[in-house]
Amino acid sequence: PKVDLITRKVIGLEALVRWNHPTRGQNSPGAFIPIAENSDQIIRIDRWVMRSAIAEQARRRSHGMTRLPIAINLSIADILSPNLVGYLGDLLEEFQVPAGALEVEVTESCFMRELEETQHVLRELNESGISTALDDFGTGFSSLSYLRQLPLQCLKIDQSFTHSMLQDPNAEKLTQAIVAMGIALKMTIVAEGVETREQMNWLVAHGCHVGQGYYFSPPVPPEDVQQVIERLEIRLNA
């Protein structure tokens, strides 16, 4: 869940892929996504995630659950694949889900490698009603000129900053600078990796009003999401 740190309400969800292997057990994306990228399986996996996320949106809406946008992550392979925007549009039409119920997240590596194509794809997504976010900001060779050129509505601060900002003065100053920059660009700022109340309070005090992380909830299966949201909002507002 993505949490509004002021109202203490869940305002969005992010779809994350996990592989529950029959002998290896639970595998994080770091264990298998690089292999998928190197073996050209990543598009098949990502398109399965897209379909699953949009189908889950349709299920939530049909059951009268809180209408929250779901974010999905795109790789550079997705950006360069043919008819990505058309594929997403067809899925939204198939499941009768509005484009505003979907958000797309890309990492810095996507636009650094293929700036012109990434610009084109993100603009097409925006024109279709799907909002776009820059994920893991600060981990790559961040360039302010790229931020200026890309059609983005949201900037996500990488969890490495959130984890270290209360112990490392330089990390704290950099996090403050990222928040200020995002606000100046009129973007929503989301802090990833929030694990403590102290981190949440610091973010609120410095103008970052949306957070994600284990302080709120670990990743859970779709069928558990609504219960997690209800319990989380009760806990945060207690």
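The values are calculated or read from the model by the stated rules, or taken from the named source; none is laboratory data. Computed from a predicted structure; not experimentally measured. Here Cβ is always computed from backbone atoms with ideal geometry, including for glycine, and neighbour counts include all displayed protein chains. Ligands, DNA and RNA are excluded from the accessible area calculation, which covers all protein heavy atoms including side chains. Shrake-Rupley method; radii C 1.70, N 1.55, O 1.52, S 1.80 Å.
Just the residues that are free of Cβ contacts under 8 Å to residues at least 24 places away in the same chain and closer than 30 Å to Arg67 by Cβ, please, taken from the stretch 34-50.
Within the stretch 34-50, Arg44, Trp48 qualify.
Of the numbered conditions (1) acidic (Asp, Glu); (2) open to solvent by less than 70 Å² (accessible area, probe 1.4 Å); (3) free of Cβ contacts under 8 Å to residues at least 24 places away in the same chain, Asp136 fails exactly one; give the number of that condition.
Unmet condition: (3).
Under 19 Å from the mean Cα position of the chain (by Cα) and open to solvent by 50 Å² or more (accessible area, probe 1.4 Å): does that describe Pro222?
yes
Taking the stretch 187-223, which residues are acidic (Asp, Glu) and in a loop (DSSP other than H, G, I, E, B)?
Glu192, Glu195
For the stretch 212-234, which positions are of a type outside the set (A, V, I, L, M, F, W, C), farther than 18 Å from Ile6 by Cα and in contact with a strand residue (DSSP E or B) (Cβ under 9 Å, 6 or more places away or on another chain)?
Residue satisfying the conditions is Pro219 alone.
When only residues in the stretch 159-169 that are open to solvent by 20 Å² or more (accessible area, probe 1.4 Å) and touching a residue at least 12 places away in the same chain (Cβ under 8 Å) count, which is nearest to the chain's Cα centre (by Cα)?
Of everything passing the filter in the stretch 159-169, Gln159 is nearest to the chain's Cα centre (by Cα).
Of all the residues that make up the stretch 1-42, how many are in contact with a strand residue (DSSP E or B) (Cβ under 7 Å, 6 or more places away or on another chain), among the polar types (S, T, N, Q) and open to solvent by 30 Å² or more (accessible area, probe 1.4 Å)?
2
Would a scan of the stretch 171-178 turn up a residue that is within 19 Å of Phe216 (Cα to Cα), surrounded by fewer than 16 Cβ atoms within 10 Å (Cβ to Cβ) and among the aliphatic types (A, V, I, L, M)? Give the steps one after another, and end with the answer.
Step one: filter the stretch 171-178 for residues within 19 Å of Phe216 (Cα to Cα), giving none.
No, there is no match, as no residue in the stretch 171-178 is within 19 Å of Phe216 (Cα to Cα), surrounded by fewer than 16 Cβ atoms within 10 Å (Cβ to Cβ) and among the aliphatic types (A, V, I, L, M).
Out of curiosity, is Gln167 over 27 Å from Pro98 (Cβ atoms), modelled with pLDDT of 90 or more and assigned to a helix (DSSP H, G or I)?
no
Quick one: what pairs do we get from the stretch 1-29, first residue closer than 21 Å to Val106 by Cα and in contact (Cβ under 8 Å) with a residue 60 or more places away in the chain, second open to solvent by less than 40 Å² (accessible area, probe 1.4 Å) and among the polar types (S, T, N, Q), C-beta under 8 Å, 6+ apart or different chains?
Filtered contacts from the stretch 1-29: Pro1/Gln212; Pro1/Ser217; Lys2/Gln212; Val3/Gln212; Glu14/Gln212; Arg18/Asn27.
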